[in-house]
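Okay, structure first, notes after.
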Amino acid sequence: MDISSYVLLSHEQALQRRLDVTANNMANTSTVGFKREKPVFHEYVEQSGDAAVPTARATSYVLDYGAIHDTGMGAFQPTGNPMDVMIEGPGYLNVATPDGGTGYTRAGFVKVLPSGDLATAGGERLLDPAGKPITVPPDQLATLSIASDGSIMGASGPLGRLAVTVFADETSVSPRGDGMMAGSGGRILAATEVTLTTGGVEGSNVQPIVETSAMIDILRSYQSSQRMTQAMDDMRKSAIERLGRVA
């Protein structure tokens with residue numbers, strides 16, 4: 001296989017990566033709090049000193065660098081539950097993971113477990129800024145509400161506050177599954193930096209038309225790459241035939 005084939009192969013691998021990411025975005029069009037992903041590619045240039053033409057000594061390949069999240073807001077979806085919340089702006093609710101760590105989510109479904117702890121729809125306990133579960137006394141359940149700064153309010157006053165963490169580098173945040181994210185290097189926002197809207201959740205920020213257009217573009221790019229591959233194969237066959245006649 002010559003260099004041109006390797007270059008085309010790296011391009012097609014990048015297209016496969018784009019297709020996987022786009023298909024995943026499409027599959028999560030209705031997932032609450034989902035942030036669409038965008039693949040990131042870098043150019044990798046390999047220098048060759050034995051090329052006959054100086055300008056041909058640099059060979060450019062496509063390098064898969066990873067994926068980043070589109071932090072744009074999804075639309076507000078009313079649920080009728082005053083305990084459900086949507087984060088206005090960047091940030092993630094802090095959630096206790098089974099391994100004792102902290103996970104993050106934008107899915108603001110909030111419920112009260114039989115133990116009195118606040119939790120997500122999946123039963124994962126929500127955490128306060130100190131990393132502790134927020135427990136609601138039984139006599140406070142009837143008057144429970146969530147303030148715009150994340151404070152959990154009962155009849156006798158504040159019972160705790162939902163922790164919201166932001167990340168300066170969104171590439172450090174990766175999906176764990178079930179709407180949960182893993183991340184490192186985050187900063188917990190102060191109450192004055194948090195704005196929550198209650199009575200609903202944030203919908204996915206995926207736009208089906210945009211993703212469909214991306215899929216069409218990927219298909220056309222792949223077809224173009226295949227035509228170039230076929231053209232190079234034809235050139236090789238023609239060259240071999242001519243060499244055979246000379247011999």
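Worth pointing out:
- Complete set of residues in segment 168-188 that are more than 30 Å from D139 (Cβ to Cβ) and in contact (Cβ under 8 Å) with a residue 60 or more places away in the chain: E170, T171, V173, R176, G179, M180, M181, A182, G183, G186
- Residues in segment 110-119 that are in a loop (DSSP other than H, G, I, E, B) and either at pLDDT below 95 or more than 18 Å from T198 (Cα to Cα) (or both): L113, P114, S115, G116.
- Unique residue being modelled with pLDDT of 95 or more and farther than 20 Å from T197 by Cβ when the list is R18, R125: R125
- Residue within segment 88-106 that is in contact (Cβ under 8 Å) with a residue 12 or more places away in the chain, of a type in the set (K, R) and within 20 Å of L144 (Cα to Cα) present: no
- One residue from T165, T171 being more than 21 Å from V40 (Cα to Cα), polar (S, T, N, Q) and touching a strand residue (DSSP E or B) at 6+ places or on another chain (Cβ under 8 Å): T165
- Checked against the criterion of being hydrophobic (A, V, I, L, M, F, W, C) and part of a strand (DSSP E or B), segment 203-213 contains not a single residue that satisfies it.
- The set of residues from segment 92-101 being modelled with pLDDT of 95 or more and not hydrophobic (A, V, I, L, M, F, W, C) comprises Y92, N94.
- No other residue among A142, A130 is among the hydrophobic types (A, V, I, L, M, F, W, C) and either assigned to a loop (DSSP other than H, G, I, E, B) or buried (at least 17 other Cβ atoms within 10 Å of the Cβ) (or both) apart from A130.
- Only one of T197, T192 that is surrounded by 15 or more Cβ atoms within 10 Å (Cβ to Cβ) and not in a loop (DSSP other than H, G, I, E, B): T197
- Test: residue in segment 177-189 that is among the aliphatic types (A, V, I, L, M), part of a strand (DSSP E or B) and under 24 Å from G80 (Cβ atoms): no
- Total residues in segment 24-38, condition in contact (Cβ under 8 Å) with a residue 40 or more places away in the chain and of a type outside the set (S, T, Y): 8
- Qualifying residue in segment 153-167 (condition: over 16 Å from L93 (Cβ atoms), modelled with pLDDT under 95 and under 17 Å from the mean Cα position of the chain (by Cα)): no
The values are calculated or read from the model by the stated rules, or taken from the named source; none is laboratory data. What you see is a predicted model, and the numbers here were worked out from it, not measured in a lab. In this analysis, Cβ positions are derived from the backbone assuming ideal geometry, glycine residues included, and neighbour counts consider all displayed protein chains.
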